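Here the structure is laid out as structure tokens; the discussion comes afterwards.
Every number here is computed from the coordinates shown, using simple stated rules; none is lab data. This is a predicted model, so every value here is computed, not measured. With ideal geometry, Cβ positions are generated from the backbone for all residues, glycine too; neighbour counts draw on all protein chains shown.
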């Protein structure tokens with residue numbers, strides 16, 4: 001019997017030692033679970049945070065990544081199945097036709113932006129939408145120049161399909177993407193009169209970054225992409241052989257009758273590509289100050305996986321800098337994160353989603369219409385005197401409900417004092433979740449700048465916290 | 001933006017003798033450029049009307065401004081009567097119309113062409129810095145407390161890029177209202193993002209204080225500004241200048257010039273706002289003795305097509321006239337009127353590169369050196385007196 005006890009005891013000790021040795025394998029704290037979900041999604045609900053609390057870091061990261069999806073759950077606008085408008089020049093139309101044509105395009109553009117917001121609000125995989133937005137800000141195209149909502153829709157579908165897939169596939173696909181071909185002028189890139197716009201951004205923004213290629217490389221790459229065009233009728237990629245420069249090119253030390261695919265493959269052999277993407281992921285998910293040693297490690301894993309984006313992301317989310325308590329609240333929410341996050345974490349049901357893109361534009365982020373090919377600079381640049389005042393205004397509207405006509409899930413929001421939905425939301429909480437410290441821990445990544453007055457009515461406290469500067473952070 | 005007061009006010013001027021001034025005030029004779037964006041693409045042919053050319057009425061059977069509604073500036077061109085309030089300035093020799101302003105290989109996209117105008121780029125060149133930024137880049141002095149650009153209307157493209165102190169105050173009244181609800185706080189250590197937000201809050205508060213001081217201290221303006229947003233922008237601009245705010249460029253915008261259909265009523269209303277607004281600005285600043293340090297310049301992404309379209313409007317075009325207004329302006333007609341019979345694919349051929357206007361402002365208004373200027377290759381127009 002004593003032998004049994006000794007055996008059991010030693011087994012117990014071994015287990016305890018194993019648990020201690022694998023320190024990070026312990027369950028997440030509430031703050032850690034919240035942090036991971038805030039950084040990889042929009043705003044998480046209390047229930048979502050609670051679901052992640054029993055997991056270890058690795059399990060939690062794996063779970064976030066496993067929830068990915070390669071297509072949108074929200075039904076696309078009806079017109080995406082219609083044929084793309086034949087290439088009739090606007091000037092060839094009667095004025096009335098042209099007006100109608102313009103109005104219809106504008107309406108479709110608004111529907112498309114609203115569709116993406118709907119998907120971001122409803123998606124079972126917020127990370128997929130965050131990554132789609134990430135790639136939209138990397139491989140930028142603007143509906144303002146592309147002018148075709150159809151082609152912008154297809155590009156969005158493409159970005160989502162590859163959002164957490166393989167960067168090599170994504171890069172090849174984007175080089176043949178009709179919206180991109182229009183946006184960066186490859187439509188006019190022809191033998192004898194090359195247009196360097198796409199070639200330049202391919203190297204400068206999409207893959208290598210400045211300083212890792214020569215002007216000659218750009219010229220030669222532009223020649224290799226001549227004739228990569230689109231069929232205006234079907235809106236599909238088309239290679240036009242008679243526009244293609246079949247001559248010999250020299251690109252990054254390689255010589256031959258290179259075409260666009262060859263250029264992409266040669267670029268991908270350069271280790272700098274993985275570093276460039278890793279830095280961008282770091283700025284998106286970790287902090288404004290990438291750590292060179294960790295970037296090197298992430299980039300290496302990215303290359304070793306042959307450009308598996310989910311591997312790079314898993315590595316990025318595993319760095320100690322991500323889990324450091326000091327990292328919480330170190331990034332500014334983008335306008336989309338502020339809007340979609342506020343809606344998601346309270347499970348609000350916006351009654352007029354078409355307003356969201358407009359509000360986003362007002363706050364400095366018009367989806368599908370980035371300011372230029374570099375995309376939104378992000379980080380602290382989101383906050384200017386104008387945008388900060390506008391953010392406060394929007395949050396006040398949320399707390400008053402009136403402005404945004406948001407309603408909570410299935411519940412009559414009620415209450416004329418403007419706190420209706422907040423009170424309703426609070427009623428569903430357990431008493432311990434309604435405590436001020438619990439509400440603060442749920443809503444803010446760092447302590448409020450303006451400490452709430454003790455004994456405040458909980459709905460008022462919520463309003464106070466939403467308007468605190470700390471709410472702008474993630 | 002300067003952490004300490006980016007707008008300078010007579011309030012601090014009044015205290016300057018007693019305490020260290022918190023901000024720079026406009027020195028005597030500091031020159032201000034008031035840029036007016038005619039957003040949407042102003043129809044130049046119905047602004048400075050080539051009434052003497054028979055081709056004009058042929059191209060625009062329904063849209064041509066009738067002869068009796070044209071105020072002649074010469075035997076061939078005249079102002080649309082809606083700009084009548086500017087005639088006193090014309091007669092005083094303070095209004096210049098530069099005819100045929102545009103650029104080679106014109107782009108007819110609003111978005112692309114305004115970028116070209118606001119950066120001063122070539123048609124096929126993409127620049128990210130605004131032309132004011134480019135012009136001032138090497139000439140800001142350390143300790144110079146001036147705000148370079150205050151944007152009161154439209155985009156801030158002319159001031160894009162690093163190196164300038166600029167501030168966007170699209171709606172000062174709303175700004176003050178919202179700013180009043182901001183609670184100041186100092187940042188806890190170690191969180192740069194939060195520190196940035198609180199710094200911006202501080203700037204908002206300072207800007208609001210300064211604006212309130214401008215409101216309080218500006219002399220009562222002896223002018224009636226048109227009602228509406230453009231009139232409000234002008235009245236704020238006048239107050240900023242009359243209260244000796246140290247600023248080099250104030251940018252305004254009058255939107256609505258994209259007159260594809262039903263042009264006549266719309267365009268007349270816009271020109272009336274423009275004419276009466278600029279006349280009020282001149283009157284106010286003449287009265288406050290600030291007019292001699294002010295130069296007004298208009299711009300727009302493009303003019304409109306020579307021929308009218310089928311919707312009683314006009315489509316995106318190319319060259320157009322632009323105005324300079326100020327006491328140091330050499331009034332009259334400058335540049336050359338594009339031909340209405342030798343059109344390029346239905347559009348006017350430009351006669352003056354728009355960057356010559358920028359060279360004029362940089363060299364002859366701000367007196368910046370030609371050497372190293374981004375517009376050194378463009379000859380200034382003889383549109384300013386020494």
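Descriptive notes on the structure:
- Helix axis angle, B:263-287 relative to chain B longest principal axis, alpha carbon, degrees: 50
- A simple packing score, the average count of other Cβ atoms within 10 Å per residue, orders the peptides A:114-124, A:378-388 as A:114-124, A:378-388, with the highest score first.
- Comparing mean-square fluctuations of B:63, B:325, B:83 from a GNM of chain B with C-alpha springs under 10 Å, the top value falls on B:63.
- Chain B: most fluctuating residue of B:110, B:322, B:350 per GNM, C-alpha cutoff 10 Å: B:110
- Mean residue ellipticity at 222 nm, helices only, chain A: -15500 deg cm²/dmol; runs of at least 4 DSSP H residues each add -39,500 (n - 2.57), and the sum is divided by the number of residues.
- Fully extended contour minus Cα-Cα distance, from residue A:73 to residue A:231, at 0.36 nm per residue: 54.0 nm
- All-pairs Cα distance distribution in the protein assembly as shown, expressed in whole percent, bin size 20 Å: 13, 41, 36, 9, 1, 0, 0
- Each stretch of four or more DSSP H residues adds -39500 (n - 2.57); spread over every residue of chain B, this sum gives -9000 deg cm²/dmol at 222 nm.
- Percent RCO, i.e. relative contact order, over chain A, from Cα pairs under 8 Å lying at least 6 residues apart: 15
- Segments B:286-298, A:317-329 sorted - mean Cβ within 10 Å per residue, highest first: B:286-298, A:317-329
- What the Cβ-Cβ distance of residue A:374 and residue B:336 gives, at R0 = 51 Å and to the nearest 0.05, is a FRET efficiency of 0.85.
- Shape parameters for the stretch A:151-201, alpha-carbon atoms, Rg then Dmax in Å: 12.0, 38
- Chain B: angle of helix B:110-119 to the longest principal axis, Cα-based, in degrees nearest 10: 60
- Fraction of antiparallel bridges per DSSP, the protein assembly as shown only, in percent to nearest 5: 55
- Global size of chain B as Cα Rg and Dmax, reported in angstrom: 21.3, 73
- Enclosed volume per residue, in Å³, of the convex hull spanned by Cα atoms of the stretch A:335-472: 112
- With Cα atoms, 0 to 90° folded angle of helix B:229-242 axis to chain B main axis: 50
- The mean number of partner chain beta-carbon atoms within 10 angstrom of a residue's beta-carbon across peptide B:195-202 is 5.
- For the stretch A:146-270, the direction-averaged projected area of the alpha-carbon convex hull comes to 7.4 nm².
- Residue mean of other protein chain beta carbons inside 10 Å, A:387-395: 4
- Cα centroid separation, the stretch A:172-227 to the stretch A:244-321: 17 Å.
- Most mobile of B:157, B:317, B:190 in a GNM of chain B (Cα contacts under 10 Å): B:190
- Computed on the Cα atoms alone, the convex hull of the stretch A:272-327 gives a volume of 64 cubic angstrom per residue.
- Across every direction, the projection of the convex hull enclosing the Cα atoms of chain A has a mean area of 29.5 nm².
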